[in-house]
Amino acid sequence: MKLNFALPLLLTCSITAAEPPHPDLLAQHLFPPDLIMQHAEAIHLTDAQRDQLETAMQKAHERFEDMHAKREKQLEATAALLKKERIDEAAALAQLDKLLEQEHELRRAHLSLMIGLKNKLTPEQQTKLQEIQKRVPRGQPPERGPGRPPPLSIQEKMKKLKAGVQKLEDEGGDASSVGEVMREFKPLMDEQKYKQAEEILDQALKLLKEQKR
C-alpha cells in the first residue's frame with residue numbers, strides 16, 4: 001500500500017497557525033501525524049491502521065480549513081479595530097474574545113486529533129515512537145511570545161504550498177519529496193524560528209514547481 005505523504009504535510013500546514021497548548025506536554029505524550037507516517041515501517045504500522053490514520057487526518061484537514069477561515073475573519077476584524085487612531089476599548093476587547101474563542105477551538109481540535117491518532121496505535125508502537133522521539137533532539141525552545149502568530153509571508157506560502165500539493169496529488173503526482181523537505185518545518189515553527197521555517201517553505205515550493213514541469 002502506497003503511503004500518502006501529502007496528508008501529514010497538508011495537516012502540518014493547517015495546524016501551524018494554531019499553537020497547541022503546553023507543547024512540551026504534547027511532545028512527551030503524543031505523536032504528530034508526520035512522525036507516525038514517516039516511521040510507519042519502523043513501528044510496523046498495519047494497512048488497516050494506515051487507512052484509519054489517513055481517514056482521521058483527512059477529516060481533520062477539512063475541518064481545520066474551515067476553522068482557519070473563521071479565525072482569519074476574526075483576526076481581520078480585530079486588526080480593523082486596533083488600527084484606528086482612537087480605539088473603542090470595549091469593542092476591541094469583545095472582538096478579541098471572539099478571536100481567542102476561535103483559537104481555542106483550533107487548539108482543542110488539534111489535541112483531539114492527536115489523542116485519536118495515539119489511541120489507534122498499540123502500546124508497542126507508542127513505545128517505539130517515544131524511543132524515536134528521544135533520538136531526535138529538538139533543542140531548548142526560546143521563550144515564546146503569548147499567542148504570537150507566524151508572519152503573513154509564511155501563512156501565504158503555506159496556503160500556496162498546500163494548494164500545490166493537493167493539486168499534484170489530485171493529478172496522480174508524488175508529493176513524498178516535498179514531504180521530506182517539510183520534515184523540519186513544524187519543529188522550527190514550534191520554536192518560533194520563523195526565518196529558518198520560511199527557508200524550508202521556499203525549498204518546498206521550489207521543489208513543487210520543479211515537479212510540475
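Read-outs throughout are calculated quantities, based only on the coordinates presented, and are distinct from any laboratory measurement. Predicted model, so just to flag it, every value in this text is computed and none were measured. Cβ placement follows ideal geometry from the backbone for every residue including glycine, while neighbour counts extend to all protein chains displayed.
Overview of results
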quantity: Förster radius 41 Å - calculated FRET efficiency between L81 and S176, Cβ distance, rounded to 0.05; calculated: 0.40
quantity: Spin-label model distance (nm) - A69 vs K128, 7 Å beyond Cα toward Cβ; calculated: 3.9
quantity: Cross-link reach list, lysines versus K73, counting only Cα pairs under 21 Å and skipping chain neighbours closer than eight places; calculated: K83, K84, K98, K157, K159, K160, K162
quantity: Reachable aspartates and glutamates, given that their alpha-carbon falls under 17 Å from the alpha-carbon of K195 and they are not under 8 places away in the same chain; calculated: E143, E156, E184
quantity: Whole-Hz couplings from phi, Karplus 6.51/-1.76/1.60, listed for region 103-116; x for Gly and Pro; calculated: 5, 4, 5, 5, 5, 5, 5, 4, 5, 4, 4, 5, 5, x
quantity: Derived scalar couplings ³J(HN,Hα) [region 92-102; Karplus, 6.51 cos²θ - 1.76 cosθ + 1.60; whole Hz; x for Gly, Pro]; calculated: 5, 5, 5, 5, 4, 4, 5, 5, 5, 5, 5
quantity: Ratio of Rg to Rh over region 151-213 (Cα coordinates, Kirkwood Rh, two decimals); calculated: 0.97
quantity: Cα centroid separation, region 184-213 to region 53-108 (Å); calculated: 24
quantity: Order of I200, I36, I132, I115 - criterion: other Cβ atoms within 10 Å of each residue's Cβ, fewest first; calculated: I115, I132, I200, I36
